[in-house]
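The values are calculated or read from the model by the stated rules, or taken from the named source; none is laboratory data. Since this is a predicted model, take the numbers as computed values, not measurements. With ideal geometry, Cβ positions are generated from the backbone for all residues, glycine too; neighbour counts draw on all protein chains shown.
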Amino acid sequence: MRNTRDTKLIFDLSRPGCRGAVLPECDVPASDASVLLPAGMLATAPPALPEVTEPQVVRHFVNLSQLNMSVDTHFYPLGSCTMKYNPKRNERAAAMPGFAEVHPYQPDETKQGMLEMLFEMQEILKEISGLEACSLQPAAGAHGELAALLVAAAYFKDMGEDHRRKVLVPDNAHGTNPASAAMAGFDTVTVKTNLDGGVDMDDFHAKLDDDIAVFMITNPNTVGIFESHMRKLADEVHARGGLIYLDGANMNAILGITRPGDFGADMQHYNPHKTFSGPHGGGGPGAGPICVVEKLAPYLPGPVVAKSETTHDGETDAYYSLVTPEKSIGKMRAFFGNTGVLLRAYCYIRTHGPQGLREVSENAVLNANYLLARVKHFLPVPQGDRCMHEFVATASKLKSERGISAMDIAKRLLDFGFHAPTVYFPLTVKESIMIEPTETESKDTLDAFAEVLFRITEEDPGILQDAPHTTRVSRPNEVAAARNPCLACM
Ligand SMILES: *Cc1c(COP(=O)(O)O)cnc(C)c1O
């Protein structure tokens, strides 16, 4: 049954004179607005706003919000995106007035609490990555990729090595990797991966030369496999004078188990909104802090937070200030990072502690392997019997034998109250279905999901091809919906 909740346009509810709030009479003299603004820029009539009561506004927006699936309402196994539960205690921390009401232009001495939190976050992220310096500036993972590549470009220029124009990217990488390389002015060269999901060493050797600037690698990679040649790849890139960039979107698989700095990375980004439980989806908000090795620290985007200590009468006082690294590439955004997102991540990290973070990754990997074991009999997983925190199944056989595509399965899952997994990414697996359960789901949920998935693969193809049957909108043209959005159509 389609969702028939009342979702009339708020303008249709408007009744002249209806009010949600009544403002007091204006007690400042109404100055002649045309003295302040040119006449042509002044409105001649009030805007046509809907006239409605407060409950009508609340119901309208709450009903709209419930047309979508979310982590708070449904299991959301969207591979690559790490849609884990967003603990509500993070929200309480972020809402504390000392954080929520601080203004970035306040003098540093009046926002020491915020700066201390950001400084500690830099230290924590350095420790988790095994790298030596951190900038919290970038506003998303992709933005962190761009920032780090600009750092690399500035470093090579400084070293007199700006002939290094080549960025190697495996063919199963996230689309943001080659896009960031191009935006930073590099030439992207694609490296093939094997059937087992790892980098094809022959192709890597064919493409590695003295023009290499950066090898961008995701590890574990987008098919959920830990790159078995990681150390060798890093050593060979370093021997040619290049740098290793680690796309840190999959950190949820390795927290406290291994560190990118220890397996050869020179720079990495984090996605705190994925790994560290920040709410995300619908395009934001996010953060994309980056960590780098010592030699790249002077180029980091600024400001970063520095700590100084003074001792008097045997007492040590810490003072936090904003500083710009010596050869900084500049700002990537206004002020000092998406502090609200960083604060939620900080709260999450401090809640778990080092041992707890390790358990997060162990359980994320355990949950993914459990689901893999339940699913592979009816949805083959080409990359094998074991995975890290996610795996990629294929509907290839179902498609050729019964005309059921990955998209049909994804859409049909919505009818059963499950958000769809990621489909058609990575591009190296045909009819791919990328499943990432995360550690925050129970065995009961994983079992229910596996059973529904099995039931769907046995269904009549006709039912699947028309799915979903229960949602307000069935199958929008996704390209047209993105290019010509009609935000009032329902
Ligand atoms: C999510 C993701 C990114 C991009 O991160 P955003 O925060 O969405 O910009 C990059 N690489 C991989 C593998 C990802 O999953």
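From the list 381, 365, 360, 392, exactly one residue is under 30 Å from residue 469 (Cβ atoms) and touching a residue at least 60 places away in the same chain (Cβ under 8 Å). Which is it? Walk me through it before giving the result.
Values: 381 fails: touching a residue at least 60 places away in the same chain (Cβ under 8 Å); 365 fails: under 30 Å from residue 469 (Cβ atoms); 360 fails: under 30 Å from residue 469 (Cβ atoms).
So the residue among 381, 365, 360, 392 that is under 30 Å from residue 469 (Cβ atoms) and touching a residue at least 60 places away in the same chain (Cβ under 8 Å) is 392.
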It is to be established whether one or more residues within segment 200-208 are under 24 Å from the mean Cα position of the chain (by Cα) and in contact (Cβ under 8 Å) with a residue 24 or more places away in the chain. no
What are the residues in segment 226-253 that are over 20 Å from residue 176 (Cβ atoms) and of a type in the set (Val, Ile, Thr), if any? 237
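Being touching a Lys or Arg at 6+ places or on another chain (Cβ under 8 Å), assigned by TED's automatic domain parsing to the domain that holds residue 326 and not in a helix (DSSP H, G or I) narrows it down to one residue among 279, 285; which is it?
Values: 285 fails: touching a Lys or Arg at 6+ places or on another chain (Cβ under 8 Å).
Selected residue: 279, the only one of 279, 285 that is touching a Lys or Arg at 6+ places or on another chain (Cβ under 8 Å), assigned by TED's automatic domain parsing to the domain that holds residue 326 and not in a helix (DSSP H, G or I).
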Working only within segment 243-276, note down all residues that are more than 17 Å from the chain's Cα centre (by Cα), of a type in the set (A, V, I, L, M, F, W, C) and in a loop (DSSP other than H, G, I, E, B). 257, 265
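Of all residues in segment 183-197, how many are away from the ligand (no atom under 16 Å from the Cβ) and of a type in the set (Ser, Thr, Tyr)?
Kept after step one, since they are away from the ligand (no atom under 16 Å from the Cβ), are these residues of segment 183-197: 185-187, 189, 192, 194-196.
Subsequent filtering for residues that are of a type in the set (Ser, Thr, Tyr) retains none.
Final tally of qualifying residues: 0.
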Looking only at segment 449-479, which residues are free of Cβ contacts under 8 Å to residues at least 40 places away in the same chain and part of a helix (DSSP H, G or I)? 451, 452, 455, 462, 478, 479
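Do we have any residue at all in segment 153-161 that's more than 11 Å from the ligand (Cβ to nearest atom), under 14 Å from residue 216 (Cβ atoms) and under 23 Å from the mean Cα position of the chain (by Cα)? Write out each step before concluding.
Going residue by residue through segment 153-161, those that are more than 11 Å from the ligand (Cβ to nearest atom) are 153-161.
Then drop every residue that is not under 14 Å from residue 216 (Cβ atoms), which leaves 153.
Next, only the ones that are under 23 Å from the mean Cα position of the chain (by Cα) stay: none.
Taking every residue of segment 153-161 in turn, none turns out to be more than 11 Å from the ligand (Cβ to nearest atom), under 14 Å from residue 216 (Cβ atoms) and under 23 Å from the mean Cα position of the chain (by Cα).
Suppose we keep only residues that are among the hydrophobic types (A, V, I, L, M, F, W, C) and loosely packed, with under 11 Cβ neighbours inside 10 Å within segment 38-60. Which one would you say is modelled with the lowest pLDDT?
Initially, segment 38-60 is screened for residues among the hydrophobic types (A, V, I, L, M, F, W, C), giving 39, 41-43, 45, 48-49, 52, 57-58.
Still in the running and loosely packed, with under 11 Cβ neighbours inside 10 Å: 39, 41-43, 45, 48-49.
Details: 39: 79, 41: 84, 42: 82, 43: 83, 45: 88, 48: 86, 49: 89.
The selected residue is 39.
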Of all residues making up segment 117-152, the number that are more than 21 Å from the chain's Cα centre (by Cα) and within 16 Å of the ligand (Cβ to nearest atom): 0
Identify the residue in segment 162-182 that is within 24 Å of residue 210 (Cβ to Cβ) and part of a helix (DSSP H, G or I) and, among all such residues, is nearest to the ligand (Cβ to nearest atom). 177
Under 9 Å between Cβ atoms, which residue pairs at least 6 apart in sequence (or on different chains) link something in segment 241-257 that is closer than 16 Å to residue 366 by Cβ with a partner that is among the basic types (Lys, Arg) and assigned to a loop (DSSP other than H, G, I, E, B)? 252/84
Please determine whether any residue of segment 442-452 is in the same structural domain as residue 362 (by TED's automatic domain parsing), closer than 30 Å to residue 358 by Cβ, in contact with a Cys (Cβ under 9 Å, 6 or more places away or on another chain) and modelled with pLDDT of 95 or more. no
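Farther than 15 Å from residue 134 by Cβ, in contact with a helix residue (DSSP H, G or I) (Cβ under 8 Å, 6 or more places away or on another chain) and of a type in the set (Lys, Arg): which single residue out of 327, 331, 307, 295 fits that description? So that I can check it myself, show each step before the final result.
Details: 331 fails: in contact with a helix residue (DSSP H, G or I) (Cβ under 8 Å, 6 or more places away or on another chain); 307 fails: farther than 15 Å from residue 134 by Cβ; 295 fails: farther than 15 Å from residue 134 by Cβ.
Step by step, each of 327, 331, 307, 295 is checked, and only 327 is farther than 15 Å from residue 134 by Cβ, in contact with a helix residue (DSSP H, G or I) (Cβ under 8 Å, 6 or more places away or on another chain) and of a type in the set (Lys, Arg).
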